[in-house]
1. I want the antiparallel fraction of DSSP beta bridges within the chain, as a percent rounded to 5.
2. When the Karplus curve 6.51 cos²θ - 1.76 cosθ + 1.60 is applied with θ = phi - 60°, which whole-Hz ³J(HN,Hα) does each residue of region 62-75 get, with x for Gly and Pro?
3. Classify region 169-210 as rounded, prolate or oblate, taking a ≥ b ≥ c as the square roots of the eigenvalues of its Cα gyration tensor: rounded when a/c is under 1.5, otherwise prolate if a/b is larger than b/c and oblate if not.
4. Please list, in chain and number order, the residues 5+ apart from Leu15 or on another chain whose amide H is under 5 Å from its amide H, with Hs placed from the backbone.
5. So which of Lys172/Lys279; Lys190/Lys228; Lys45/Lys279; Lys70/Lys209; Lys5/Lys254; Lys5/Lys279 end up more than 18 Å apart, counting from Cα to Cα?
6. Run the dipole for the chain about the Cα centre, Lys and Arg Cβ at +1, Asp and Glu Cβ at -1, nothing else charged, and hand back the magnitude in debye, nearest 20.
7. For region 15-132, what does the convex hull of the Cα positions come to per residue, in cubic angstrom?
8. List the lysines whose alpha-carbon lies under 18 Å from that of Lys4, not counting same-chain residues fewer than 8 positions away?
Amino acid sequence: MSKKKPSYYNHNGFLMPMGFPIEGFTSALNYQAQPSDIFLVTYPKCGTTWTQYILWLMQHQGEPLSASEKLETYIPHLEEVGKETIENLPQPRVIKTHFPYELTPYHPEAKYIYVARNPFDCVVSFYHHTRGFIKHYNFADGTFDDFFECFISGEVDFGDYFDHLLSWYEHKNDENILFLTYEAMKNNIKMIIIKIANFLGGDYLNCIKNEHTLNKIIINSSLENMKKEQQRWSSNRPENMPSFVRKGEVGDWKNYFSSEQQQRLIDKFMIRTAGTDLKPLWFF
């Protein structure tokens with residue numbers, strides 16, 4: 001029996017969600033990065049919204065978004081909205097993207113925060129994300145087994161997980177790139193917030209010097225609080241689908257993978273990351 005696949009726009013081999021305007025991708029590639037820009041870069045479902053909200057909170061002394069505000073208004077998704085929307089934002093800008101390194105607009109003075117997540121939990125979260133956004137993917141009745149085959153083949157939106165990860169990992173020691181992991185954020189979010197503040201400097205660093213403000217950032221960016229405020233960062237999803245902010249756990253993949261799937265992804269991980277020091281980041 002043939003496997004069901006999500007539907008995508010295909011931009012010369014680069015897959016994108018159908019809900020994203022085609023011109024958004026094209027114009028995003030032509031955006032000229034500015035020296036004051038801050039790019040938040042992830043492969044999908046690797047801690048994007050969490051980090052995005054932390055940056056917002058750091059900009060606003062730990063105060064959460066109001067009921068009428070949307071996070072994407074202030075930290076938009078480059079390849080969804082296109083360059084004109086980004087250019088209309090006041091500087092300094094914070095810009096979200098899922099682009100691999102070679103497609104991301106670059107300026108040597110701009111700063112780039114990259115968040116990586118282990119591929120096992122990533123694929124599970126990506127599966128639930130994909131089936132939940134029906135207009136983007138037409139995959140509501142797709143199974144995890146269906147999606148796993150797409151993921152391990154690199155036939156998902158924003159490309160192959162390993163291509164993406166390696167493209168940024170090669171630059172992890174660049175002065176203007178901060179490489180983080182989702183697992184480190186789960187383990188010690190306070191340490192990560194301080195690391196982000198030191199990397200960005202300026203107002204970001206000043207805000208966390210106040211212990212009360214730092215604690216507000218930690219509390220308001222917690223999974224519990226983000227689940228309460230789903231409307232801040234997700235489109236409406238059908239009631240029978242998992243919420244946009246779902247579990248946020250490390251190790252949830254064990255509830256989904258067969259032993260054969262586990263071995264196949266381990267094998268691909270070992271082959272693709274050979275010669276790097278990526279393996280110690282995650283323990284399977």
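Laboratory data are not the source of any read-out in this text; all were calculated from the coordinates shown. As the structure is a prediction and not an experimental result, all values here were calculated from the model. Neighbour counts are summed over all protein chains in view; Cβ atoms, including those assigned to glycine, are modelled from backbone coordinates with ideal geometry.
1. Values: 4 of 19 bridges.
Around 20 percent of the beta bridges assigned by DSSP in the chain are antiparallel ones.
2. Taking θ as phi minus 60°, the curve returns x, 7, x, 4, 6, 4, 8, 9, 10, 4, 5, 5, 9, 10 Hz for region 62-75.
3. Values: a/c = 4.31, a/b = 1.23, b/c = 3.51.
Oblate, since a/c reaches 1.5 and b/c is not below a/b.
4. Here Phe158, Gly159 satisfy the definition.
5. On the way: Lys172/Lys279 15 Å; Lys190/Lys228 21 Å; Lys45/Lys279 20 Å; Lys70/Lys209 27 Å; Lys5/Lys254 23 Å; Lys5/Lys279 30 Å.
Pairs exceeding the cut-off: Lys190/Lys228; Lys45/Lys279; Lys70/Lys209; Lys5/Lys254; Lys5/Lys279.
6. Numbers: 29 positive and 34 negative charges, 138 e Å.
With Lys and Arg at +1 and Asp and Glu at -1, about 660 debye.
7. Given the Cα convex hull of region 15-132, per-residue volume reads 126 Å³.
8. By straight Cα distance, Lys4 reaches Lys135.
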